[in-house]
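S.K.: Got a structure for you, written out below as structure tokens; questions coming shortly.
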Amino acid sequence: MPAKSDRWIVEMALKHEMIKPFSESQVRLGISYGVSSYGYDISLADEFKILKSAGLTELDPKNPPVDQFIDTKAESILVPANSFILGRTREYFKIPRDVITVCMGKSTYARCGIVINVTPFEPEWEGFATISISNTAPVPVRVYANEGIAQLIFLEAAELCTESYADKKGKYQAQQGITTSKSD
């Protein structure tokens, strides 16, 4: 599965409404977003969940501390040193059945100690992507809403999968906001 070119991304995005809003070229205001040579630079919405770590002794993905997150809206936000916050993409995605994505953080943030974690967008997954933004630096790092945060690489399968994310009725299907971990 080779990575797909900018022309392929534009065609698929328009044909399948794969990315909304969609920028057919790279927007270079602040940290860039939009179509790139072999991917799509996703942008960060202005909604965040900040973990109140005081009093927590652990995080358990099977029993998430939903009440321990503070919802906030901002044009930029400081990610505490050696901690993380959750954000979401500005873009809503509808992934075709014969496509999967891989996501990597943008180099501008990586050079400041920020690690972006976004799981693959599986075939027929749709929604706003929840983004884990981890700060490995010993000081707080500022991240900016409405600018680029990570790059998606699209891989097209040679044949259709047997069971898509939609077929499995995945628990994160069609998420509309930042979604913390869910137990089954």
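S.K.: Out of (1) under 18 Å from the mean Cα position of the chain (by Cα); (2) modelled with pLDDT of 90 or more, what's the single condition that is false for Gly30?
M.R.: Just one mismatch for Gly30, condition (1).
S.K.: Quick one: count up the residues across the stretch 141-174 that are in contact (Cβ under 8 Å) with a residue 24 or more places away in the chain, among the polar types (S, T, N, Q) and either under 17 Å from Lys73 (Cα atoms) or exposed (fewer than 12 other Cβ atoms within 10 Å of the Cβ) (or both).
M.R.: Going through the stretch 141-174 one residue at a time, the tally reaches 1.
S.K.: Which numbered condition in (1) crowded, with 17+ Cβ neighbours inside 10 Å; (2) without any contact (Cβ under 8 Å) to a residue 12 or more places away in the chain is the only one that Ser107 fails?
M.R.: Exception for Ser107: condition (1).
S.K.: Among (1) in contact with an Asp or Glu (Cβ under 7 Å, 6 or more places away or on another chain); (2) closer than 30 Å to Lys73 by Cα, which single condition is Met18 missing?
M.R.: Condition not satisfied by Met18: (1).
S.K.: Only residues that are aliphatic (A, V, I, L, M) and part of a strand (DSSP E or B): list them for the stretch 32-61, please.
M.R.: Listed by number, the residues that qualify are Val35, Ile42, Leu44, Ala45, Ile50, Leu51.
S.K.: Next question, about the same structure. Regarding the stretch 140-149, can at least one residue be identified that is under 19 Å from Ser181 (Cα atoms) and either in a loop (DSSP other than H, G, I, E, B) or over 14 Å from the mean Cα position of the chain (by Cα) (or both)? Break it down stepwise before answering.
M.R.: Of the stretch 140-149, the ones under 19 Å from Ser181 (Cα atoms) are none.
For the stretch 140-149, residues under 19 Å from Ser181 (Cα atoms) and either in a loop (DSSP other than H, G, I, E, B) or over 14 Å from the mean Cα position of the chain (by Cα) (or both): absent.
Yes or no, residue by residue, for (1) hydroxyl-bearing (Ser, Thr, Tyr); (2) in contact with a Ser or Thr (Cβ under 8 Å, 6 or more places away or on another chain); (3) over 28 Å from Lys169 (Cα atoms):
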| site | (1), (2), (3) |
| --- | --- |
| Ser23 | yes, no, yes |
| Gly55 | no, no, yes |
| Pro61 | no, yes, no |
| Thr72 | yes, no, yes |
| Asp98 | no, no, no |
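S.K.: Hey, can you tell me all the residues within the stretch 91-119 that are assigned to a strand (DSSP E or B) and farther than 15 Å from Ile133 by Cα?
M.R.: We begin by selecting, within the stretch 91-119, every residue assigned to a strand (DSSP E or B); these are 91-94, 99-105, 114-117.
If the condition is that a residue be assigned to a strand (DSSP E or B) and farther than 15 Å from Ile133 by Cα, then Glu91, Tyr92, Phe93, Lys94, Val99, Ile100, Thr101, Val102 are the ones that fit.
S.K.: Follow-up question, since we're still on this one. Let me confirm something: among Gly127, Gly39, which residue is of a type outside the set (Val, Ile, Thr), modelled with pLDDT under 95 and buried (at least 20 other Cβ atoms within 10 Å of the Cβ)? It would help to see each step written out before you state the result.
M.R.: Values: Gly127 fails: modelled with pLDDT under 95.
Sole residue among the options that is of a type outside the set (Val, Ile, Thr), modelled with pLDDT under 95 and buried (at least 20 other Cβ atoms within 10 Å of the Cβ): Gly39.
S.K.: I'm told Gly177 meets every condition in (1) within 13 Å of the chain's Cα centre (by Cα); (2) of a type outside the set (Val, Ile, Thr); (3) surrounded by 14 or more Cβ atoms within 10 Å (Cβ to Cβ); (4) within 21 Å of Glu17 (Cβ to Cβ) except one. Can you identify the failing condition by its number?
M.R.: (3)
The values are calculated or read from the model by the stated rules, or taken from the named source; none is laboratory data. Just so you know, these numbers come straight off a predicted model, no measurement behind them. Counting neighbours? That spans all protein chains shown, and the Cβs are built from the backbone with ideal geometry, glycine included.
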